[in-house]
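The values are calculated or read from the model by the stated rules, or taken from the named source; none is laboratory data. In this text the structure is predicted, and so the values were computed from the model without any measurement. Quick reminder, even Gly has a Cβ in these numbers, built from the backbone with ideal geometry, and neighbours come from all protein chains shown. Just the protein is used for accessible areas: all its heavy atoms, side chains included, with ligands, DNA and RNA removed. Shrake-Rupley method; radii C 1.70, N 1.55, O 1.52, S 1.80 Å.
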Amino acid sequence: MIDAPLVSGFLGAGKTTWLAEHLRRHTCDLVVVNDVADQGVDDALLREAASAAGARVEPIVGGCLCCDRADELRRVLLAEIGRRHRGDAVRDGRVVVETSGLAAPHRITRMLADDPVLRTNLSLRSLVVVVDGLGGRRLLRHRHGVREQVTLADRVVLSRADLARHGELEELAATVRRLNATAELAASTLGAERPVTPADPAVADVFDDDGTVAEPDVRSCRVDLAEGTSWAEYALWLEMMRRAHPERLLRSKGIVPTRDGRLLVQSMGGDVASPVPAPAGVDTGMVFVLDRIAPEVLVRSLRAHVPSAGV
Ligand SMILES: [Zn+2]
């Protein structure tokens, strides 16, 4: 299996700087970099870091990976898989995909899940979203697409931490927390990370787009399952949800407390990871990220089909 984390974030958020530092610390075989501009990606910092890490850089330019260049992304990834199957290269490895600032990550995960070869060779279960530590809160309030990225993320990195005024990052972290209850949070200065604790904001954020309060398409909800939830019931229900709403259950992640122990369960699009024993200290509860489906609908369905969960 090739581990394929996705790195996203709005234009100018500091994705490339973060990625360059990330490459200094983690092994990687290929970096796919997307730029909607026609000029090739010519970021000396990234190329230098990639070459030091022994990784190739494959730029995809002139369009966005999630829509008009989706075929190109598929071609690049299939070529990488083919290369491994042909040669004596090890089949495991790591491919990092950096999206353009405008990409909708869930479209990319759906595209990967829909392709049988990509689905069986790539494991895309981690989404890192970089948010500008200075202008991020304003962007999150007014930009629906940025909120979607943050809502889906496994890890949110607040960039330019060294330039933020006192308390600014903590307030931004609180806004991120409201959108995403489970993502790991970090503050970053030129890619070097430190922990950040969300502030307790007196005034809640109002999310709107250009003055009109928008009903979000992508929403997350958290459901606590009772101890002794039947794994058989839950697995059957998850499979049924995936079939009934293949495009709408974007992901699920959390703990199912079964009679035989606590299981960490996650799905991304059509891809359901095998459940593993949950690490100690993780809260019970499942988080679902939904596209154009009301959380109430999901909860009702869960209640009907998984009675042992006591929802
Ligand atoms: Zn796109």
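Computed quantities for the displayed model
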item	result
R0 of 22 Å, Cβ-Cβ distance Leu190-Arg222: FRET efficiency to nearest 0.05	0.05
Euclidean distance between Cα centres, the range 240-311 to the range 139-191, Å	25 Å
Integer Hz, Karplus 6.51/-1.76/1.60 couplings in order for the range 244-257, x for Gly and Pro	6, 10, x, 9, 10, 8, 6, 6, 9, 7, x, 10, 10, x
Those residues of the range 100-132 whose amide nitrogen sits under 20 Å from the label point placed on Leu163, 7 Å along Cα→Cβ	101-102, 129-132
Percent carbon-and-sulfur accessible area, the chain, ignoring ligands, DNA and RNA, probe 1.4 Å	51 percent
Simple Cβ-charge dipole of the chain, Lys/Arg +1 and Asp/Glu -1, about Cα centre, in debye nearest 20	560 debye
Accessible area of the range 121-167 divided out per residue, in Å², using a probe of 1.4 angstrom	37 Å²
Size of the chain as Cα extents on the principal axes (Å, biggest first)	56, 54, 37
Computed accessible area, His85, all protein chains, 1.4 angstrom probe, square angstrom	90 Å²
Top positive-direction residue, dipole computed over the chain with Cβ charges, set Leu102, Leu46, Thr120	Thr120
Distance between modelled label sites at Asp71 and Ala280, nm, 7 Å Cα→Cβ extension	5.4 nm
Pairwise FRET efficiency - Val61 versus Met240, Cβ, R0 = 45 Å, nearest 0.05	0.65
Computed helical MRE - 222 nm, the chain, DSSP H runs ≥ 4 contributing -39500 (n - 2.57), nearest 500	-10000 deg cm²/dmol
Viscosity 0.692 mPa s, 37 °C: Kirkwood-radius Stokes-Einstein D of the range 1-160 over Cα pairs, µm²/s	208 µm²/s
Whole-number percent relative contact order across the chain, with pairs defined as alpha carbons under 8 Å at least 6 apart	17 percent
Pairwise label distance in nanometres, Ala232 with Glu296, each label 7 Å out on the Cα-Cβ vector	3.3 nm
Integer Hz, Karplus 6.51/-1.76/1.60 couplings in order for the range 103-114, x for Gly and Pro	6, 9, x, 5, 5, 5, 5, 5, 4, 5, 6, 6
Convex hull volume per residue for the range 95-185, taking Cα atoms only, in Å³	98 Å³
Solvent-accessible heavy-atom area per residue, rounded to whole Å², over the range 237-307 at 1.4 Å	48 Å²
Electrostatic dipole magnitude of the range 218-309 [Cβ: Lys, Arg +1; Asp, Glu -1; Cα centre; debye, to 20]	220 debye
Highest to lowest packing among 74-80, 182-188, scored as the average C-beta count within 10 Å	182-188, 74-80
Sequence of Met111, Met286, Met240 from largest to smallest accessible area, 1.4 Å probe	Met240, Met111, Met286
Percent antiparallel among DSSP beta bridges (both partners in the chain, rounded to 5)	50 percent
